[in-house]
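First up is the structure itself, then whatever we jot down about it.
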Amino acid sequence: MANSGEYPVQTVDSVAEACDGLPDDAFVLVDSTVLRLYPTIEAHRSCLGVDATEEAKSFDQIGTVLQAMISAGVRRSTVVVAIGGGIVQDVASFCASILYRGIPWTFLPSNLLSQADSCIGSKTSINFRGYKNLLGGFYPPNRVVICQEFLTTLSDADIRSGLGEILHYVVIEGESAFARFQALSGRALSGDRSGLPELIGQSLGIKAKMVEIDEFDRGPRRVFNYGHSFGHAMEAASGYRIPHGIAVAKGIDLANELAVELGLLCREDNERIRKVSQTIHKVESFELKPEEIIAALLRDKKNKPGSYGLILARAIGDIRLEYVDFDGPVERLLQREFAGSGRHQPIG
Ligand SMILES: NC(=O)c1ccc[n+]([C@@H]2O[C@H](COP(=O)([O-])OP(=O)(O)OC[C@H]3O[C@@H](n4cnc5c(N)ncnc54)[C@H](O)[C@@H]3O)[C@@H](O)[C@H]2O)c1
């Protein structure tokens, strides 16, 4: 498949500055919460508010958004502007990719997870018949504008979720990225958000290097699934109650525990990573049923007959795809961790 092209990623301080640069006739899809917090977004153009729920990514809801676009007179040259987190991104990018066989879209990511991760990579995904992210493709925006003012209104859970996602990048990258993350995430969790722009830059830099090598996620980019197989399975088992990045932070712990058991990762590195990951996920309740997590893991695209395909760490900076037999250490780990009528038992 051909490379789908480059797009600029620009950083601005204020929402007013970010909105000033948008075309007057843009069609704006905006997270309803963001619109409530930043009502000036609506000042000069019409906006469609989208509630940030997985239901918004359903086939039916996508039809409603497409209808609204057509009714509003969107043409092939109209720019769709998405302002929000991953949900609004997926809704806007998917609609833009199929309407008139593709119209331009611009993304203003508004939470930490979307600014540090999902705003680059070009993936579009919607849910279908109860399956998450089943339909989609690769459709890059024409521009990404990261606005720092948005970080000031994020809830503690949004900050933790973004940090969980960034954690998996820095463990993949290596020791110095991990050390910097340790310092800056600690500050962010104690209320000082001034280090977040540096973490966002670091995270996007790590992701961009890999996206350049493997834009369409055919091979090397799969290391970014570190913490995600268990994370996605826990999100699904929780009915998407647990924020994505918080599930990833906990998924990193489970993947590392398994890697220790398989003799791949030393206990010392496991402990060092867990010290950081726990600061992110410890406030979350993981009251989940092990059999529901296993059912979700069995649907993972990386599996092959008879074994789970899991991205596991051998050290900080050395992460690889490994195959682990069904009905073995994965099931034992999950039973140990989550047994007891869905009550959470911390690892270790
Ligand atoms: N396309 C991709 O590359 C990609 C990558 C990762 C995740 N995703 C998808 O994204 C979704 C998860 O994304 P998410 O975690 O960003 O969730 P989300 O879009 O639901 O946002 C999380 C919360 O942040 C709030 N929020 C956003 N900006 C805010 C602001 N400035 N101030 C206050 N609150 C704000 C939202 O209202 C919401 O409650 C999932 O559906 C996932 O599949 C897509």
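The values are calculated or read from the model by the stated rules, or taken from the named source; none is laboratory data. Not measured: the values here are computed from a predicted model. Using ideal geometry, Cβ is built from the backbone for each residue, glycine included, and neighbour counts are taken over all protein chains shown.
There is at least one residue in segment 285-296 that is loosely packed, with under 13 Cβ neighbours inside 10 Å and modelled with pLDDT under 95. Here residue 154 clears all of (1) in contact (Cβ under 8 Å) with a residue 60 or more places away in the chain; (2) out of contact with any Cys (no Cβ under 9 Å at 6 or more places or on another chain); (3) closer than 26 Å to residue 61 by Cβ except the condition numbered (1).
For residue 145, the criteria (1) outside any strand (DSSP E or B); (2) at pLDDT 95 or above; (3) closer than 19 Å to residue 204 by Cβ hold in every case but one, which is (1).
Applying the selection to segment 115-163, what residues are among the basic types (Lys, Arg) and near the ligand (Cβ under 8 Å from one of its atoms)? Before you say what the answer is, go through the steps one by one.
Step one: list which residues in segment 115-163 are among the basic types (Lys, Arg), which gives 123, 129, 132, 143, 160.
Scanning segment 115-163 gives 123, 132.
Of all residues in segment 283-341, those satisfying the criterion of being charged (D, E, K, R), assigned to a loop (DSSP other than H, G, I, E, B) and closer than 22 Å to residue 273 by Cβ are 284, 300, 302. Residues in segment 189-233 that are assigned to a helix (DSSP H, G or I) and small (Gly, Ala, Ser): 194, 195, 201, 203, 205, 208, 229, 231, 233. Inclusion of residue 258 among residues that are more than 14 Å from the ligand (Cβ to nearest atom) and outside any helix (DSSP H, G or I) is not warranted.
Just the residues that are in contact (Cβ under 8 Å) with a residue 12 or more places away in the chain and either surrounded by fewer than 23 Cβ atoms within 10 Å (Cβ to Cβ) or more than 6 Å from the ligand (Cβ to nearest atom) (or both), please, taken from segment 99-114. Outline the logic, then answer.
Of segment 99-114, the ones in contact (Cβ under 8 Å) with a residue 12 or more places away in the chain are 99-100, 102-114.
Within segment 99-114, 99, 100, 102, 103, 104, 105, 106, 107, 108, 109, 112 meet the criteria.
Those residues that are among the small types (Gly, Ala, Ser) and not in a helix (DSSP H, G or I), I need them from segment 4-49; list them, please.
The answer is 4, 5, 14, 21, 26, 43, 46, 49.
For segment 192-203, the criterion of being of a type in the set (Gly, Ala, Ser), within 13 Å of the ligand (Cβ to nearest atom), within 25 Å of residue 299 (Cβ to Cβ) and at pLDDT 95 or above is met by no residue. Residue count for segment 112-140 satisfying the condition of being in a loop (DSSP other than H, G, I, E, B) and under 28 Å from residue 280 (Cβ atoms): 4.
Can we say residue 21 is modelled with pLDDT under 95, over 30 Å from residue 128 (Cα atoms) and of a type in the set (Gly, Ala, Ser)? Spelling it out, residue 21 is indeed modelled with pLDDT under 95, over 30 Å from residue 128 (Cα atoms) and of a type in the set (Gly, Ala, Ser).
Residues to consider are 82, 96, 68, 52; find the one that is within 15 Å of the ligand (Cβ to nearest atom), touching a residue at least 12 places away in the same chain (Cβ under 8 Å) and in a helix (DSSP H, G or I).
Values: 82 fails: in a helix (DSSP H, G or I); 68 fails: within 15 Å of the ligand (Cβ to nearest atom); 52 fails: in a helix (DSSP H, G or I).
Among 82, 96, 68, 52, only 96 is within 15 Å of the ligand (Cβ to nearest atom), touching a residue at least 12 places away in the same chain (Cβ under 8 Å) and in a helix (DSSP H, G or I).
In segment 110-136, what residues are of a type outside the set (A, V, I, L, M, F, W, C) and touching a Ser or Thr at 6+ places or on another chain (Cβ under 7 Å)? Walk me through how you get there before you give the answer.
Restricting attention to segment 110-136, the residues satisfying the condition of being of a type outside the set (A, V, I, L, M, F, W, C) are 110-111, 114-115, 117-118, 121-125, 127, 129-133, 136.
Selection gives 117, 122, 124, 127, 133, 136.
Scanning segment 9-38 for residues that are in contact (Cβ under 8 Å) with a residue 60 or more places away in the chain and of a type in the set (A, V, I, L, M) yields 9, 12, 15, 18, 22, 26, 29, 34, 37. For segment 169-182, the criterion of a residue being within 12 Å of the ligand (Cβ to nearest atom) and either part of a helix (DSSP H, G or I) or closer than 13 Å to residue 248 by Cα (or both) is satisfied by no position.
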